[in-house]
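Chemist: Pasting a structure here, questions to come.
The values are calculated or read from the model by the stated rules, or taken from the named source; none is laboratory data. It should be emphasised that the depicted structure is a prediction, and the values quoted were computed from it without experimental measurement. Virtual Cβ from ideal backbone geometry, glycine too; neighbours counted across all protein chains shown.
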Amino acid sequence: MKKNLKQLINDKKTLEQVAKSPDAQRLAGIITEGQDQASLQKIAEDAAKGDTAQLAQLIQKIVKNPSGAELLQRLNKTLEKQGK
């Protein structure tokens, strides 16, 4: 049976393996492209407070990028395999 998202989030070993994967590293590069650390921090803080507009824009940037969309699909498959 697949682990649900909460279980997967709590599975530090799986998350660490996925985060260290080449696909995750390339995705991080897409996310940080054109963004400085302070602006990414602000996006995260605003999202935590409920203002997700900038986060949504960042996600749209990723999914509209063919490489980003492909990376997300591969990471999703990796997580599904790890979560079984």
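Chemist: What is the residue count in segment 15-32 for residues that are under 19 Å from Lys64 (Cβ atoms) and modelled with pLDDT under 85?
Modeler: Qualifying residue count for the region: 0.
Chemist: If we keep just the residues of segment 33-51 that are over 23 Å from Glu70 (Cα atoms) and part of a loop (DSSP other than H, G, I, E, B), which is modelled with the lowest pLDDT? Spell out how you get there, then give the answer.
Modeler: Of all residues in segment 33-51, those over 23 Å from Glu70 (Cα atoms) come to 36-39, 41-51.
Pick out the ones that are also part of a loop (DSSP other than H, G, I, E, B) and you get 36, 49-51.
Working: Asp36: 87, Lys49: 95, Gly50: 95, Asp51: 95.
Going through the qualifying residues, I end up with Asp36.
Chemist: Being surrounded by 11 or more Cβ atoms within 10 Å (Cβ to Cβ) and either within 25 Å of Asp11 (Cα to Cα) or in contact with a Gly (Cβ under 6 Å, 6 or more places away or on another chain) (or both): is that true of Thr78 here? Please lay out each step first, then the result.
Modeler: Values: surrounded by 11 or more Cβ atoms within 10 Å (Cβ to Cβ): yes; either within 25 Å of Asp11 (Cα to Cα) or in contact with a Gly (Cβ under 6 Å, 6 or more places away or on another chain) (or both): yes.
Here the answer is yes, as Thr78 does meet what is asked.
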